[in-house]
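The values are calculated or read from the model by the stated rules, or taken from the named source; none is laboratory data. It should be emphasised that the depicted structure is a prediction, and the values quoted were computed from it without experimental measurement. Glycine gets a Cβ as well: all are built from the backbone with ideal geometry, and neighbour counts include every protein chain shown.
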Amino acid sequence: MKPPCPNQSRLVLRPSVQVSRTKLQSFHNQQVEITTVYVEGTRPTPAQSACPVDTDGQCMPQGNGYQVLSIVAK
């Protein structure tokens, strides 16, 4: 799966070892500079958890987004 277009107005940002969920949330509504890496989602099986399914009846990938490696207020 290809990452979404970089000119989107909203991106899914995921915490990482370097940047915690709490730190990400602390920058809410602020202009920041971030360094990220795109992470593909995993495709769970319907037996593992309830999930949205695609046209083939398989679970859609979950958890894809940009993992934040660094974040700095501008």
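What are the pairs, 6+ residues apart or on separate chains, where a residue within segment 53-74 that is in contact (Cβ under 8 Å) with a residue 12 or more places away in the chain has its Cβ under 6 Å from a residue that is acidic (Asp, Glu)?
Met60/Asp54; Asn64/Glu40; Val72/Glu33; Lys74/Glu33
Scanning segment 1-27 for residues that are of a type in the set (A, V, I, L, M) and modelled with pLDDT of 90 or more, which turns out surrounded by the fewest Cβ atoms within 10 Å (Cβ to Cβ)? Can you show your working first?
Here is the first cut: in segment 1-27, the ones of a type in the set (A, V, I, L, M) are 1, 11-13, 17, 19, 24.
Adding the requirement that they be modelled with pLDDT of 90 or more leaves 17, 19, 24.
Numbers: Val17: 7, Val19: 20, Leu24: 17.
Ranking the qualifying residues of segment 1-27, first place goes to Val17.
Scanning segment 28-47 for residues that are more than 16 Å from the chain's Cα centre (by Cα) and in contact (Cβ under 8 Å) with a residue 24 or more places away in the chain, which turns out surrounded by the fewest Cβ atoms within 10 Å (Cβ to Cβ)?
Gln31
For residues that are among the hydroxyl-bearing types (Ser, Thr, Tyr), part of a strand (DSSP E or B) and loosely packed, with under 15 Cβ neighbours inside 10 Å, tally how many sit in segment 48-74.
At the first step, the residues of segment 48-74 found to be among the hydroxyl-bearing types (Ser, Thr, Tyr) are 49, 55, 66, 70.
Remaining after also requiring part of a strand (DSSP E or B): 66, 70.
From the residues that got through so far, the ones that are loosely packed, with under 15 Cβ neighbours inside 10 Å too are 70.
Count: 1.
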